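A quick write-up on the structure given underneath.
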Amino acid sequence: MDAMTTTRGKRSMKNAVPVHNTFEKTILPYGDLLYAWAHQLTRDPDDAQDLVQETLLRAYTRFPTFRDRGSARAWLRRILRSLFIDGYRKRSGEPPCIPLESVAEAGCAAARADSSPEQTVLARMEQAAGMDAVLTLPPAYRDYVILAHFHELSYQQIADRLRVPVDVVRTRLHRGRRHLHRSLQTWRADGGALAA
């Protein structure tokens with residue numbers, strides 16, 4: 001029985017060498033093209049390199065199923081795209097974390113800019129109501145509003161930081177602002193703001 005296992009082990013080692021050589025000849029020439037595709041998707045050189053590595057690893061482990069049935073280029077692109085989409089779904093399910101301390105500091109700086117004590121008190125009351133409204137925003141909108149209004153980032157900067165398209169930033173900011181507007185209107189209607 002040991003002799004058969006040894007023989008099988010030698011056979012699989014003999015088959016592994018041709019598979020490795022075939023993989024190198026068939027797949028590795030597409031390395032630069034894979035990087036270009038990955039960089040186009042991720043918009044970040046480090047993430048693109050990681051995606052290419054994951055793609056090559058997946059291609060290597062599944063190379064025996066390839067069998068020259070189609071274009072290696074299309075097969076690799078499909079793998080790369082699937083890995084990117086899977087990663088995007090994982091990141092979308094977990095919103096990025098923005099420390100609330102930085103939001104509070106930005107709000108306090110705005111309140112100090114007012115000169116009269118009454119304006120300072122009103123600004124602090126509205127700031128507190130605004131912070132409460134921001135904290136009660138749905139998580140899908142909260143980070144976008146914080147980055148746009150407290151950190152004063154542009155749409156493109158927010159898109160780059162959160163790794164989403166600019167259209168997603170526009171949509172979520174619009175909806176987040178709408179939620180904030182409703183919350184602050186309710187706060188003012190309930191007598192939260194003093195009459196000017």
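The values are calculated or read from the model by the stated rules, or taken from the named source; none is laboratory data. If you're wondering where the values come from, they're calculated on a predicted model, not measured in any experiment. Positions of Cβ are generated from backbone atoms using ideal geometry, with glycine treated the same way; all protein chains shown enter the neighbour counts.
If Val168 meets every condition in (1) of a type in the set (A, V, I, L, M); (2) modelled with pLDDT under 80; (3) part of a helix (DSSP H, G or I) apart from one, which number is that one?
Looking at each condition in turn, Val168 falls short on (2).
For the stretch 165-187, what are the residues that are touching a residue at least 40 places away in the same chain (Cβ under 8 Å) and either surrounded by fewer than 17 Cβ atoms within 10 Å (Cβ to Cβ) or polar (S, T, N, Q) (or both)? Write out each step before concluding.
Of all residues in the stretch 165-187, those touching a residue at least 40 places away in the same chain (Cβ under 8 Å) come to 179-180, 183-184, 187.
Result: Ser183, single match.
Do we find that Val134 is among the hydrophobic types (A, V, I, L, M, F, W, C), modelled with pLDDT of 70 or more and part of a helix (DSSP H, G or I) in this structure? Explain how you work it out, then say what you get.
Values: among the hydrophobic types (A, V, I, L, M, F, W, C): yes; modelled with pLDDT of 70 or more: yes; part of a helix (DSSP H, G or I): yes.
So Val134 fits the description; yes.
Only one of these conditions is not met by Gly191: (1) modelled with pLDDT of 80 or more; (2) on the phi > 0 side of the Ramachandran plot. Which number is it?
(1)
Residues Arg11, Arg67, Arg89, Arg73: which one is modelled with pLDDT of 80 or more and not small (Gly, Ala, Ser)?
Arg73
Restricting to the stretch 23-72, name every residue that is touching an Asp or Glu at 6+ places or on another chain (Cβ under 9 Å) and touching a residue at least 24 places away in the same chain (Cβ under 8 Å).
Thr26, Ala38, Leu41, Thr42, Arg43, Asp44
Which of the residues spanning the stretch 123-144 are surrounded by 15 or more Cβ atoms within 10 Å (Cβ to Cβ) and within 16 Å of the chain's Cα centre (by Cα)?
Residues of the stretch 123-144 that are surrounded by 15 or more Cβ atoms within 10 Å (Cβ to Cβ), as a first pass: 123-127, 129-131, 133-134, 137, 141-144.
Within the stretch 123-144, Tyr141, Arg142, Asp143, Tyr144 meet the criteria.
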